[in-house]
Amino acid sequence: MKFYEVQPALEAGKKITHHNLRGKFISIEKEEANIFGKTLVLTISDYSRVIGYSLDMVDLFADDWKIIEDIKEVKLRVTEYFICPSCQHKNFGFHLDNGISICDKCGQRVRTLPRL
Ligand SMILES: [Zn+2]
């Protein structure tokens, strides 16, 4: 993509990059209002170090700009299971019936105690 094609994403807060940036990405640190209207203060980063950046001719004429998609966040979940004492099968999604559960694999009846 040309720079003008990724500019809206940059202004929306996304990170952009192209091949010659060798894994680094550019993002907006802030917008400054001044006598010229507005100026975007850019930074370049490789995930460990962030420094100020100004686009140069290589950047402006690169035709392989791309938008770095955000890495989605997921919440950790805890799944309860018990290990059957007879066959060692891991039983997920079991249901308790007066504290007694039944092994899905071998039918062993077990009393489940509070989790470790
Ligand atoms: Zn079992």
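Among the listed pairs Lys38/Lys66; Lys24/Lys72; Lys2/Lys72, give every one whose C-alpha distance is greater than 22 Å. It would help to have the intermediate numbers written out before the result.
On the way: Lys38/Lys66 24 Å; Lys24/Lys72 19 Å; Lys2/Lys72 26 Å.
Listed pairs above 22 Å: Lys38/Lys66; Lys2/Lys72.
With a cut-off of at most 16 other beta carbons within 10 Å, and DSSP calling the residue loop, which GluC sites (Glu not before Pro) in the range 13-116 qualify? Please list them.
Numbers: sites: Glu29, Glu31, Glu32, Glu69, Glu73, Glu80; in loops: Glu69, Glu73, Glu80.
The qualifying sites are Glu69, Glu73, Glu80.
Just in the range 26-108: which trypsin sites (Lys or Arg not before Pro) are loop by DSSP and have at most 14 other Cβ atoms within 10 Å?
On the way: sites: Lys30, Lys38, Arg49, Lys66, Lys72, Lys75, Arg77, Lys90, Lys105; in loops: Arg49, Lys72, Lys75, Arg77, Lys105.
For trypsin sites (Lys or Arg not before Pro) across the range 26-108 that sit outside H, G, I, E and B with at most 14 neighbouring Cβ atoms in 10 Å, the list reads Arg49, Lys72, Lys75, Arg77, Lys105.
From the phi angles alone, apply the Karplus equation (6.51, -1.76, 1.60; θ = phi - 60°) to the range 52-69 and give each ³J(HN,Hα) in whole Hz, x where the residue is Gly or Pro.
Per-residue couplings from phi come out as x, 8, 10, 5, 10, 4, 4, 5, 5, 9, 5, 10, 10, 4, 9, 9, 7, 6 Hz.
With the cut-off at 1.5 for a/c, could you classify the chain from its C-alpha gyration tensor as rounded, prolate or oblate?
Working: a/c = 4.86, a/b = 3.67, b/c = 1.32.
The shape class here is prolate.
Search the structure for amide H atoms under 5 Å from the amide H of Thr112, placed 1.01 Å from N in the peptide plane, and list their residues when 5 or more places away or on another chain.
Ser101
Using θ = phi - 60° and the Karplus curve 6.51 cos²θ - 1.76 cosθ + 1.60, what whole-Hz ³J(HN,Hα) does each residue of the range 43-51 get, with Gly and Pro shown as x?
10, 10, 8, 10, 6, 10, 10, 10, 10
Before anything else, pin down the relative contact order of the range 20-116: Cα pairs under 8 Å, at least 6 apart, normalised by residue count, whole percent. Walk me through the intermediate numbers first.
Numbers: 99 pairs, mean separation 12.5, N = 97.
Computed value for the range 20-116: 13 percent relative contact order.
Roughly how many nanometres apart are two label points built 7 Å out from the Cα toward the Cβ at Leu96 and Thr79?
Each label point is offset 7 Å from its Cα along the Cβ direction, giving 2.0 nm.
Karplus couplings for the range 110-115 from phi (6.51 cos²θ - 1.76 cosθ + 1.60, θ = phi - 60°), rounded to Hz, Gly and Pro as x?
Computed from phi, the couplings for the range 110-115 are 9, 9, 8, 9, x, 5 Hz.
Return the long-range amide H neighbours of Lys15 (sequence gap of 5 or more, or a different chain), with a cut-off of under 5 Å between placed amide H atoms.
Counting only residues 5 or more places away or on other chains, the set is Ile68.
Before anything else, pin down the relative contact order of the range 3-68: Cα pairs under 8 Å, at least 6 apart, normalised by residue count, whole percent. Spell out each step's value before the answer.
On the way: 101 pairs, mean separation 23.8, N = 66.
Value for the range 3-68: 36 percent.
Roughly how big is the range 1-91's charge dipole about its Cα centre, with Cβ charges of +1 (Lys, Arg) and -1 (Asp, Glu), in debye to the nearest 20?
Using Cβ point charges on Lys, Arg, Asp and Glu, the range 1-91 gives about 440 debye.
What is the local net charge at Lys14, summed over the other residues whose Cβ is closer than 10 Å to its Cβ (Lys, Arg +1; Asp, Glu -1)? List each step's numbers first, then the result.
Numbers: positive: Lys15; negative: Glu11, Glu69, Asp70.
So the surrounding residues net to -2.
The numbers here are math on the coordinates, done by the rules we state, and not lab data. What you see is a predicted model, and the numbers here were worked out from it, not measured in a lab. Using ideal geometry, Cβ is built from the backbone for each residue, glycine included, and neighbour counts are taken over all protein chains shown.
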